[in-house]
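First the structure, in the form of structure tokens, and then the observations on it.
The values are calculated or read from the model by the stated rules, or taken from the named source; none is laboratory data. Being a predicted model, the structure only gives us computed values, none of them experimental. Quick reminder, even Gly has a Cβ in these numbers, built from the backbone with ideal geometry, and neighbours come from all protein chains shown.
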Amino acid sequence: MLKDNLYTTISSCRACGSTELVDVLDLGVSPLADRLLTKQGLTEDEPFCPLTVAFCTHCSLLQLRETVNPEILFCDDYPYYSSVSPSLQIHFRESVQEILLDVR
């Protein structure tokens, strides 16, 4: 269910689909990550979302219950894109090379 077009809350595991989720940590509501506010932005309403960590008793995946709408999370002035970060490109290239060597 979409809450005010900001986020959805899962009721089943993201990996296995089980509905046996147990909330293990409730961090209350939090501002969205990576939103760097300008001086002008300090006077505007900032979006907040619950931050609930749940454990799947079926497959043991620890996961967040809430998923922020990508159109809101990755807004026009979103500051972080891994595809344009030279250091991350190098990191991921080296990781893939390591994985490929381990597979052979």
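Listed values, structure above:
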quantity	calculated
Of residues in region 2-28 being among the hydrophobic types (A, V, I, L, M, F, W, C) and part of a loop (DSSP other than H, G, I, E, B), the one surrounded by the most Cβ atoms within 10 Å (Cβ to Cβ)	13
Region 1-60: number of residues that are at pLDDT 85 or above, over 17 Å from residue 74 (Cα atoms) and polar (S, T, N, Q)	9
Every residue from region 29-47 that is in a strand (DSSP E or B) and of a type outside the set (Ser, Thr, Tyr)	29, 31
Pairs where the first residue, in region 9-21, is in contact (Cβ under 8 Å) with a residue 24 or more places away in the chain and the second is of a type in the set (Ser, Thr, Tyr), C-beta under 6 Å, 6+ apart	20/57
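Here's the yes/no breakdown for (1) over 18 Å from residue 68 (Cβ atoms); (2) charged (D, E, K, R); (3) under 15 Å from the mean Cα position of the chain (by Cα):
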residue	(1), (2), (3)
4	no, yes, no
7	no, no, yes
10	no, no, yes
16	yes, no, no
19	yes, no, no
31	no, no, yes
